[in-house]
Amino acid sequence: MKIKLKSLPRYLKEISRDNKYMLPLIFALSIFQGLAPLINIILPKYILDELLEMGRIPMILLYIGGLAFGNFLFQMAISVCKNYLIVHTYAITLSTVKNLGIKSTNIDLQDSEKKSNLDLLERGKQGTYNIVAFTETISSMGASLITIIMVIGILIQNDWRLILVILICNIVTIPCFSKIKDLDIDNAKRGIPENRAYRYLVSVATDFRFAKDLRIYKGDKFFLKKAEDTMDKILHINHAYFTKNGLWNGLAQSIVQIQLTITFIILGLSLLAARITVGTFTMLYGASNQLSRSFNTLIQGYTDLITLSFNLNPYYEFLNIDEVGKEGEFSGSLSKPVALTFENITFRYPTAQEDTLKDVSFNIYPGETIAIVGKNGAGKTTIIKLLCRLYKPQKGRILINGIDIQSLSMEEYKKQLSIVFQDFKLLPIQLDENILGKEEDFITEEDIGLLWEKLEETGIKSWVESQPKGVKSHFTKIHDDKGLLPSGGQEQKIAISRALARDGSIVILDEPTAALDPKSEEEVFENLIQLTEGKTSIFISHRLSSTRIADRIIVLDKGEILEEGTHKELMEENRLYAEMFNIQAKQYVS
Ligand code: ADP
């Protein structure tokens, strides 16, 4: 794979865009680091020449003082710049990680399921940690360039042969560093699936939501064994990489040593022939050594930049994935209650082998409540996901009041939806923020009134009141020891409160009472009849007794509509619905 360095200036620009200190800091650090070696090359010459030849004590003291003070100043400046650079680069790293989070919540769910995108995200996350190395490499390359120019100036005036020796030896090391770069890239590519699997396994083991199952089903043993096996694979890859890397690096360093020996011989002969003083010998030897190191840093920096660019590419590639279309052209308001039309919907999940929904068409009239029933895997939840625009059907359209839902702005459309997903998640934030969907600072007295009203309607008010922090309680104990750990049923009631507080024109409840006790279920359904009045509603429920509150029932089977009608009509038809209803009724009676 050809990696282009062309993208590096863009990365540098984008990285420094949000932080105005970045480029000046890199520039200042390059200058200080580039000039610092010079005083240690030049001043010792004068000290030695004074000591061995002229012997002027004040001058000796002046040079020694200059050396000490110069070093002090440079080292302080370098240290301050480096530390500021670390702080600002860390801030940039954190915000790039945040960018990945923002992007992840904006891409199509369909794209988020693709393995290639998951790998990209994993590499993107790792890539962001290269930003520190990226800025360090650029500043050390800048420093080397400055040192090289200055040192060449010194050597040219004294012995140009030294420059030739250093140049030749450094050119010889280029293939070594190029090989190391190839190894770096190969290593980064090879460990991707293993690293992603390892992180996932460890994150599950450290996530206490899995604690019960892991303990009871011995998962702690064999699950972590999987992590160990994956770690072995990663270490195996790393071992091979570091061995080869060490060999090539060793070879490059040996060549540098050969060059130092040749330099020593050239300068030694000059000293013997009294063409140079001991002080000049020291200066030129130091200068050669420094020139070689700076060349080395430049070559190594160049190959490092290629590797870093390779590591940063996935971050930008992930950020370039198309986002869900947010803006639609429709700008009018929708008259309520709304009508919904599913028009010849065919849908297949990106990773699936066959269609989950096959040419599904049905209407829901304004204010009507329908129930969708069917066996597991029939496609009921998929209908809901399409209605929520989490996925796009490959064929057909969903219309709201005759307008394609895709043509509404996502922000406006979301407001229409009051939904409880089957696998809903409450966020680890405060209860009022969870239910009202607002940050604490924006929650008004009126909002809090509405909140208590909804908690009462779903029968969870007294429990919330009994909590030390009431509606200000954090959900889960991740951030607060006094956080809530509700039971499944309590959580479901909170999720229903959240849906109802939104007051959308479409109410969607996917198995809303699965975790509720019979009394709570009865209460919730009693309330739902009132709460969904004047709204267009869809229920999915396996408790067929609850479908009695629906005006109409749609029976789905293997992604197709099998039956449609009222409870009475479907019982008379005596097909799948009647069969499922009778099985449940028989169980209750017996
Ligand atoms: P239901 O709600 O009727 O039980 P779903 O709509 O959840 O069924 O699922 C219908 C089918 O689609 C099932 O076979 C399920 O395995 C499959 N499915 C659901 N989600 C995905 C997904 N993200 N990727 C691939 N297949 C999926």
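Using the charge dipole of the chain (Lys, Arg: +1 at Cβ; Asp, Glu: -1 at Cβ; taken about the Cα centre), state which of Leu247, Asn117, Ser288 has its Cα farthest towards the positive end.
Ser288
At 7 Å along the Cα-to-beta-carbon direction for both His479 and Ser409, put a label point, then send me their distance in nm to one decimal.
2.8
Could you derive backbone 3J(HN,Hα) for segment 546-555 from the dihedral phi with the Karplus parameters 6.51, -1.76 and 1.60 (θ = phi - 60°), listing whole Hz in sequence and x where the residue is Gly or Pro?
Each residue's phi maps through the Karplus curve to give 6, 5, 5, 7, 7, 6, 8, 10, 10, 9 Hz.
Treating only the Cβ atoms of Lys and Arg (+1) and Asp and Glu (-1) as charged, compute the dipole magnitude of the chain about its Cα centre; round to the nearest 20 debye.
2540
Exposed loop chymotrypsin sites (Phe, Trp or Tyr not before Pro) only (DSSP loop, at most 15 other Cβ atoms within 10 Å): please give the longest stretch of the chain free of them, not including the sites.
Between exposed loop sites, the widest span is 218-590.
What distance in nm lies between label points placed 7 Å from Cα along the C-beta direction at Asp359 and Phe72?
Placing both labels 7 Å beyond Cα along the Cβ direction yields 8.9 nm.
Could you compute the FRET efficiency for Gln253 and Ala274, with r as their C-beta to C-beta distance and R0 at 35 Å, rounded to 0.05?
Efficiency, from the Cβ-Cβ distance: 0.55.
At a probe size of 1.4 Å, how large is the accessible area of Val172, to the nearest 10 Å²?
Spelled out: Val172, probe radius 1.4 Å, area about 70 Å².
For the chain, give the share of DSSP beta bridges that are antiparallel, in percent and rounded to the nearest 5; count only bridges with both residues there.
Counting DSSP beta bridges with both partners in the chain, the antiparallel share is about 50 percent.
Please turn the phi angles of segment 433-441 into ³J(HN,Hα) values with the Karplus equation 6.51 cos²θ - 1.76 cosθ + 1.60 (θ = phi - 60°), one per residue in order, whole Hz, x for glycine and proline.
Whole-Hz 3J(HN,Hα) from phi for segment 433-441: 5, 4, 6, 8, x, 9, 6, 3, 4.
So what is the relative contact order for the chain, in percent, with contacts set as C-alpha pairs under 8 Å and at least six apart?
So the answer I get is 15 percent.
How far apart, in nm, are the 7 Å Cα→Cβ label points at Lys115 and Ser466?
My value for the distance between the label points is 4.9 nm.
If you wrap a convex hull around the C-alpha atoms of the chain and split its volume per residue, what is the figure in Å³?
Here the figure is 219 Å³ per residue.
Report Met150's accessible area, 1.4 Å probe, all protein chains in place, as a number in Å² to the nearest 10.
About 80 Å², ignoring ligands and nucleic acids.
Where Lys and Arg each count +1 and Asp and Glu each count -1, what net charge lies around Lys336 among other residues with Cβ under 15 Å from its Cβ?
The answer is -1.
Residues with amide H under 5 Å of Gly374's amide H, sequence separation 5 or more or different chain, H placed in the peptide plane at 1.01 Å from N; which?
Result for Gly374 returns Leu556.
Which peptide among 93-99, 503-509 comes first, and what is the full order, when sorted by highest mean count of other Cβ atoms within 10 Å?
Result, highest mean Cβ count within 10 Å first: 503-509, 93-99.
Only bridges with both residues in segment 391-526 count here: give the DSSP antiparallel percent, nearest 5.
Counting DSSP beta bridges with both partners in segment 391-526, the antiparallel share is about 40 percent.
Over the chain, give the accessible area per residue in Å² for a 1.4 Å probe, as an integer.
Each residue of the chain exposes 53 Å² on average to a 1.4 Å probe.
If Lys and Arg each add +1 and Asp and Glu each add -1, what is the summed charge of the other residues whose beta carbon sits under 10 Å from the beta carbon of Arg552? Could you put the intermediate results ahead of the total?
Details: positive: none; negative: Glu368, Asp551, Glu564, Glu569.
Once all neighbours under 10 Å are counted, the net charge is -4.
Between the helical axis of 576-589 and the dominant principal axis of the chain, each derived from Cα atoms, what acute angle in degrees is found, rounded to the nearest 10?
80
Under the 0.36 nm per residue contour assumption, what length would be gained going from the current alpha-carbon distance of Asn320 and Lys226 to full extension?
Values: separation 94, 0.36 × 94 = 33.84 nm, distance 3.34 nm.
Extra length available between Asn320 and Lys226 comes to 30.5 nm.
List the residues whose amide H sits under 5 Å from the amide H of Ile419, counting only those 5 or more places along or on another chain, with H placed 1.01 Å from N in the peptide plane.
Under 5 Å from the amide H of Ile419: Ile508.
Between Ile149 and Asp182, what length in nm is gained on full extension when 0.36 nm per residue of separation is reduced by their alpha carbon distance?
8.9 nm is the gain from fully extending Ile149 to Asp182.
Among Ala352, Gln157, Pro428, whose Cα sits farthest toward the positive end of the charge dipole of the chain (+1 at Cβ of Lys/Arg, -1 at Cβ of Asp/Glu, about the Cα centre)?
Gln157
Out of residues 5 or more away from Ser537 or on other chains, whose amide H comes under 5 Å of its own, with H placed 1.01 Å from N in the peptide plane?
Glu368, Thr369, Ile370, Val507
Work out the charge dipole of the chain with +1 on the Cβ of Lys and Arg and -1 on the Cβ of Asp and Glu about the Cα centre, then indicate which of Leu528, Gly66, Pro24 is farthest towards its positive end.
Gly66
Counting each DSSP H run of 4 or more residues in the chain as -39500 (n - 2.57), what helix-only mean residue ellipticity at 222 nm follows after dividing by all residues, to the nearest 500 deg cm²/dmol?
For the chain, the value works out to -21500 deg cm²/dmol.
Using θ = phi - 60° and the Karplus form 6.51 cos²θ - 1.76 cosθ + 1.60, what ³J(HN,Hα) does each residue of segment 23-28 get, whole Hz, x for Gly and Pro?
5, x, 5, 4, 5, 5
Cross-link list Lys375/Lys586; Lys125/Lys179; Lys181/Lys225; Lys385/Lys415; Lys20/Lys103: which exceed 22 angstrom alpha carbon to alpha carbon?
Lys125/Lys179; Lys181/Lys225; Lys20/Lys103
Cβ under 15 Å from Ala585's Cβ, Ala585 left aside: what net charge do those residues give with Lys, Arg +1 and Asp, Glu -1?
Neighbour charge sum, excluding Ala585 itself: +3.
Using alpha carbons only, how many degrees (0 to 90, rounded to 10) separate the axis of helix 278-319 from the longest principal axis of the chain?
10
Would you mind pulling out the separation of the Cα centroids of segment 371-448 and segment 176-223, in Å?
Value for the Cα centre distance between the two parts: 33 Å.
May I ask you to list the lysines whose Cα is less than 28 Å away from that of Lys482, ignoring any residue fewer than eight positions away on the same chain?
Lys482 reaches Lys98, Lys212, Lys425, Lys438, Lys454, Lys461, Lys469, Lys472, Lys493.
One-quarter of the Cα convex hull surface for segment 7-319, in nm²?
Dividing the Cα hull surface by four gives the mean projection, 20.6 nm².
So what's the gap between the Cα centers of segment 31-49 and segment 295-365, to the nearest angstrom?
57
Work out how much length Asn158 to Glu533 would gain on full extension: take 0.36 nm times their residue separation and subtract the Cα-Cα distance, in nm to one decimal.
Net length gain for the segment: 125.5 nm.
Take the Cβ-Cβ distance between Asn344 and Arg575 as r, set R0 to 25 Å, and report the resulting FRET efficiency rounded to the nearest 0.05.
0.60
Rounding to the nearest 10 and keeping the result within 0 to 90°, find how far the Cα-based axis of helix 445-457 lies from the longest principal axis of the chain.
50
With the contact rule set at Cα under 8 Å and sequence spacing of 6 or more, what percent relative contact order holds for segment 423-503?
So the answer I get is 39 percent.
The values are calculated or read from the model by the stated rules, or taken from the named source; none is laboratory data. Keep in mind that this is a model prediction, so the values were computed, not measured. Counting neighbours? That spans all protein chains shown, and the Cβs are built from the backbone with ideal geometry, glycine included. Surface accessibility is based on the protein's heavy atoms, side chains included, excluding ligands, DNA and RNA. Shrake-Rupley method; radii C 1.70, N 1.55, O 1.52, S 1.80 Å.
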